[in-house]
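The values are calculated or read from the model by the stated rules, or taken from the named source; none is laboratory data. Model, not experiment: these values are computed from the prediction. All Cβ positions, glycine included, derive from the backbone under ideal geometry; neighbour counts span all protein chains shown. The area values use the complete protein model at the heavy-atom level, side chains included, leaving out ligands, DNA and RNA. Shrake-Rupley method; radii C 1.70, N 1.55, O 1.52, S 1.80 Å.
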Amino acid sequence: GVGGGNDLCINQAVVFIEDAIQYRSINHRMDSRSLWLYRWYYSRTCQWILSLTITVILALAFIEKPSSLTVTSDVRYRLPAWNPPCALTESIELLCFLVFITDVSVKSYLMGCEEFWKNKWLMAYILTLIISLTDWVVSLSFSCTEDLRIRRVLRPFFLLQNSSMMKKTLKSINSTLPEMTSVLLLLALHLSLFTMFAMLLFARTKDGQQDKEWARYFRNLPDSLTTLLVLLTAANNPDVMIPAYSKNRAYSIFFILFVVLGNLFLMNLLTAIIYNQFRGYLLKSVQSSLFRRRLGIRAAFEVLSSLKETPANAQESSVSVGALLQVLQKVEMDGRCKQAITSSLKMCSCDQLSAAQFQKLFEELDKDGIKQHPPSPEYRSRFMQKIQFAFGHPYFGYLGNVVALANIISICVVLVLDADKQPSERDDFFLGAINCFFILYYLLEMLLKILAMGVRRYLSYPSNRFDGLLTVILLVLEIATFSVYGFPHPGWRPELMGLLSLWDMVRLVNMLIVFRFLRIIPNMKFMALVVTTLLDLVKNLRAFAGILVVVFYAFAITGIMLFRGAVVPLGNASVGPMNSWNIGQTTLMTLLWIFCCDPLQLVLGCFSAPSELSLGCLLYLLSVDVICRWAKIYFVAWWLISSVIWVNLFIALLLENFIHKWDRRCHREPVSDIEYQRTVELMFRDVLEEPTEEELMEKLHQHPHLHLCR
């Protein structure tokens, strides 16, 4: 009937608007049962279950054999890691697979047959599940005793496919690869040519005393290539040229040319190309997200416009305000946006909305409202008004910053004076007394600010919440200290009583005081700009970080399979091979070490010459020569992906974010009491192009399941 058709159109509009909010594709089934299933699938509960399942299956590697998830990494003192029974880990993994099978089945049904064959991610999802289940059956048949488990390397795919933004970021990175490859090939040519020059320049001579450079670094082609590759990271500079430099200073020209051309020109050229290309491809991805949002809103308008008889001319299509209000009641969206759109509708004098008006209403989704701070209390007393003016003035906050700085300086002075003293010689009276004084001031400052601003206005500022929380924690710790050890007095250094010693309590208080000093950041404009840039990176680049987690995990699992049992504890062969080279603390810390520090000299040196003793060899001593050759390829590949490509990508995004904020700071315009900041496409929103009417309607006509109720 007509009522049933109207309900279907209302539900279709609700789903389209929710798709627009989340930047989802609208190409899915649109019948009543499918709409119910679609909303159920994207409900918070279902998505939370899916996210929990992904977390569990990734975390399994921390407890599966081999595992080194222990408190200490020292093999001499650590207890045996927990080795859960095979049935437990395999059962958990099977439950995870069942959730993924349900997930892919629902997605495939909702998408429809035609869209299914176009979706490469969905087909890869099914293929990954088939391989993983096959490998799981093999593990079960061997009672988890087999060393090779292919499905472990595939586990990060479940995280990757569940995030649309991660897929877009990965696609952008993939599109940037051709340009990056050209520079990397140029870098490889630079490395190869200088390797040839080095082997000719430092060839073996008759005088063995003069061949130190050849013996240590350029004995053969692999050694020469490795030496110059490490020099490219500056990890072995200037050690690598000392023997040749001692023989003849002119040899330094070779190394200077190599470093200048490689480090200063080619590596920075790579950064410039990545910044330029990646920004362009990411901008295209963000543009497609904007198109999805506008398309979802326009689709909602089209189905709602069919609720009443309209002229055949599409330009005269309209939607009643009442129908839109009915849709908004069902839509799951941010409360601020819903309230803003509802208020605009109620203030609208017309009963019908055109397509342009409808689209304009939902531009509220592109804004992130910064709530207006509540008003301060109004006091009638002249005295209270003066108190409110004095303690609500910014200068009172500056005074608090000066006091916090004085507190930091006093703590530094005490720490310097007591640095070389034994705990028994230390007198904590002075430090305890000044801490007591400053904490009382912080408490008084907080109470006076609350008196001047009111509780609601005080808590509306993040800096005040940060300040107040630390003040309360400091006060509780101070009361706990006094209740156990009494008030400070000369010679105040009692023995341990309770959970923490006096010195531990004082140290904890001092660390919180130092942390509290961060309150000065909002008062320093340039520092605040830098901090907000970093915070925006954390908020808006979660997809980028997620892909980094995927790469970390895949390389760590590969490291388990390649080097398991190859490391022997130095000087303690009776312990046997260390099976802890795994996804636990060992593998991840090793990869993180290379990612952050470029210690290729130690790592590659240990794998190629396991008899040499060094700090790196204590961690990476290998006893199998065949594995050593592959180890170089493994670590160089990780270095290229993480330290070369990934760090440059991060620098590119950091630059873009900072430049965006700097431009806004330099061209800031007056704003109203409620400021708006662009979200999601934060860095690119100002340069995005709005899709045209023709583009939207052409895309809607290509929808495989949409049948407008006209």
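With the simple model of a label 7 Å out from the Cα in the direction of the Cβ, residue 401 to residue 134 spans 6.4 nm. Using a probe of 1.4 Å, the accessible surface attributed to residue 349 totals some 120 Å² when neighbouring protein chains are kept in position.
Express in nm, to one decimal, how much length is gained between residue 77 and residue 698 on full extension, taking 0.36 nm for each residue of separation and deducting their alpha carbon distance. It would help to have the intermediate numbers written out before the result.
Details: separation 621, 0.36 × 621 = 223.56 nm, distance 6.85 nm.
This chain segment gains 216.7 nm when fully extended.
Relative intensity of region 43-162 on a log10 scale, I(q)/I(0) at q = 0.12, 0.15, 0.16 Å⁻¹, equals -0.52, -0.75, -0.83, per a Debye sum over C-alpha point scatterers of equal strength in the absence of solvent. When 465, 149 are compared by accessible area at a 1.4 angstrom probe, the order from most to least is 465, 149. Think of each Lys and Arg Cβ as +1 and each Asp and Glu Cβ as -1; about the Cα centre, that makes the dipole of region 43-162 roughly 260 debye.
Computed from backbone phi with θ = phi - 60° and the Karplus coefficients 6.51, -1.76 and 1.60, the 3J(HN,Hα) list for region 55-61 is 4, 5, 5, 6, 6, 4, 5 Hz; x is used for glycine and proline. Sorted largest first by accessible area at a 1.4 angstrom probe radius, with every protein chain in place, the residues 123, 511 fall in the order 511, 123.
Let a ≥ b ≥ c be the square roots of the eigenvalues of the Cα gyration tensor of region 219-311; is it rounded (a/c under 1.5), or, if not, prolate (a/b larger than b/c) or oblate? In terms of gyration-tensor shape, prolate.
Please list 542, 457 in order of solvent-accessible area, largest first, computed with a 1.4 Å probe with all protein chains present.
542, 457
Between residue 389 and residue 650, how high is the FRET efficiency from 1/(1 + (r/R0)^6) when r is the Cβ-Cβ distance and R₀ = 56 Å? Nearest 0.05. Efficiency computed from Cβ-Cβ geometry: 0.75. Each label point was placed 7 Å from the Cα along the Cα-to-Cβ direction; for residue 145 and residue 171 their separation is 4.8 nm. A probe of 1.4 angstrom, applied to the heavy atoms of all protein chains, finds residue 190 with accessible area near 20 square angstrom. Gain on full extension, evaluated as 0.36 nm per residue between residue 436 and residue 689 minus their Cα-Cα distance, stands at 85.2 nm. Heavy-atom surface analysis with a 1.4 Å probe gives region 113-182 a carbon and sulfur content of 69 percent of its accessible area. Gain on full extension, evaluated as 0.36 nm per residue between residue 25 and residue 515 minus their Cα-Cα distance, stands at 171.9 nm. Give the calculated FRET efficiency between residue 127 and residue 219 to the nearest 0.05, with a Förster radius of 51 Å applied to their Cβ-Cβ distance. Efficiency at R0 = 51 Å is approximately 0.65. Placing dummy labels 7 Å off each Cα toward the beta-carbon, the span from residue 381 to residue 447 is 1.5 nm. Counting heavy atoms of the protein chains alone, residue 330 has an accessible area of about 90 Å² for a 1.4 Å probe.
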